[in-house]
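J.: This is the structure I want to talk about, given as structure tokens.
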Amino acid sequence: MDRIVSQARSLTTRLSSPILYELGIKEAVAAFVEKIETNCAVSFQTDFTRQPIKANTAVLALLYRCVCEMIVNATKHAQAECVVVAIDKIGDRVVATVRDDGIGFNGNEKMTASVQGTGSGLPAIKEKLAGLGGELMIHSRPGDFTEVTVRVPCRID
């Protein structure tokens, strides 16, 4: 699993520039999901809006990193059989959700611990999102699911 996570993070960096900026966020996430799916026992479903997602370069890069981190977390920690990745544009915001059917966790304890601190992962995502006027929401139920949603404005000045 550590090897898969390492490969996934490496892939995030390699794919970020060419696919994200040439084809778009949906295509970049789909390519990431396809690569992850070939290396683990988790199946994936994608639910992407049909409308184009137009956003600042900084927003797209952050959103891509967020979604990839959420996918890696689901494959690494959730013990899930299926992960659903959704991206939509609602008003002036892009909304990305990663939901797994894994073991979940007691929200108040792990959620608070997981979004505090420094470094990479959810704490870094939450901090970066806040700096752009975005937000991170986590919903989980032990033995059932975890759903992580990121909302970020399409445009930042």
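Values in this text are rule-based calculations from the coordinates and carry no lab data. Not measured: the values here are computed from a predicted model. Cβ sites come from the backbone with ideal geometry, for glycine too, and all protein chains shown count toward neighbours.
J.: Could you check the spin-label model distance between ASN56 and ALA130? Points 7 Å from the Cα along Cα→Cβ, value in nm.
T.: Output for this residue pair reads 1.8 nm.
J.: Give me the distance in nm between label points sitting 7 Å out from Cα along the Cα-to-Cβ direction at ARG141 and ILE90, one decimal.
T.: Reported label-point gap for ARG141 and ILE90 is 1.9 nm.
J.: If the cut-off is a Cα-Cα distance under 29 Å, which lysines reach LYS54, setting aside same-chain residues fewer than 8 apart in sequence?
T.: Cα-Cα hits under 29 Å: LYS26, LYS35, LYS89, LYS126, LYS128.
J.: Label points 7 Å out from Cα along the Cβ direction at LYS76 and SER43: separation in nm?
T.: 2.6 nm
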